[in-house]
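Reviewing the structure listed below.
The values are calculated or read from the model by the stated rules, or taken from the named source; none is laboratory data. Please read these numbers as outputs of a predicted model, since none were measured by experiment. FYI the Cβ positions are ideal-geometry reconstructions off the backbone, even for glycines, and counts take in every protein chain you see.
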Amino acid sequence: MASSKPRAPSHLTARSKRIYRTVCEDYDLDREPHAREVLRLALEALDRADEARAIVTVEGLTYQNRFDEPRAHPMLAVERDCRVAVARLLRELSLDADLGETRVPRVGGAMA
């Protein structure tokens, strides 16, 4: 573990800075040289997902295209993609490695 308090990247939101500091204090991220970078990328994606959610909250789930047909707001895809990225990046950190595999195992590509 680092001897001093970890400094969160300045461009993250207050919430993400709190998460960054907590994770860095609670886990030994120095064991892997890229771990802090992975955490930063995860928190940037989390912030981006929150930005997309805020836009959808204001503008609505749908918009009317040029043919006056309802379409899903493009920020819904941004939010979804960012949340998937957050989950994958945090999984890469193996923060719950002591807990073992938590996903449901698959047999032949189907749910067991």
| note | Out of (1) closer than 28 Å to residue 77 by Cβ; (2) modelled with pLDDT under 95; (3) of a type in the set (A, V, I, L, M); (4) surrounded by fewer than 18 Cβ atoms within 10 Å (Cβ to Cβ), the one residue 23 does not meet is (4)
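Please verify whether segment 62-77 includes one or more residues that are touching a residue at least 40 places away in the same chain (Cβ under 8 Å) and among the aromatic types (Phe, Trp, Tyr).
Taking every residue of segment 62-77 in turn, none turns out to be touching a residue at least 40 places away in the same chain (Cβ under 8 Å) and among the aromatic types (Phe, Trp, Tyr).
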| request: Filter segment 97-112 down to the residues that are under 20 Å from the mean Cα position of the chain (by Cα) and either modelled with pLDDT of 95 or more or within 22 Å of residue 43 (Cβ to Cβ) (or both), then identify the one that is surrounded by the fewest Cβ atoms within 10 Å (Cβ to Cβ). | output: 102
| If you go through segment 2-13 one residue at a time, do you hit one that is among the hydrophobic types (A, V, I, L, M, F, W, C) and in a helix (DSSP H, G or I)? | no
| request: Being part of a helix (DSSP H, G or I) and surrounded by 13 or more Cβ atoms within 10 Å (Cβ to Cβ) is the filter here, so list the residues in segment 52-73 that pass it. | output: 52, 53, 55, 56
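Residues checked against (1) outside any loop (DSSP other than H, G, I, E, B); (2) surrounded by fewer than 13 Cβ atoms within 10 Å (Cβ to Cβ):
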position	(1), (2)
50	yes, no
77	yes, yes
80	yes, yes
86	yes, no
89	yes, no
95	no, no
| Quick one: what pairs do we get from segment 15-30, first residue in a helix (DSSP H, G or I), second aromatic (Phe, Trp, Tyr), C-beta under 8 Å, 6+ apart or different chains? | none
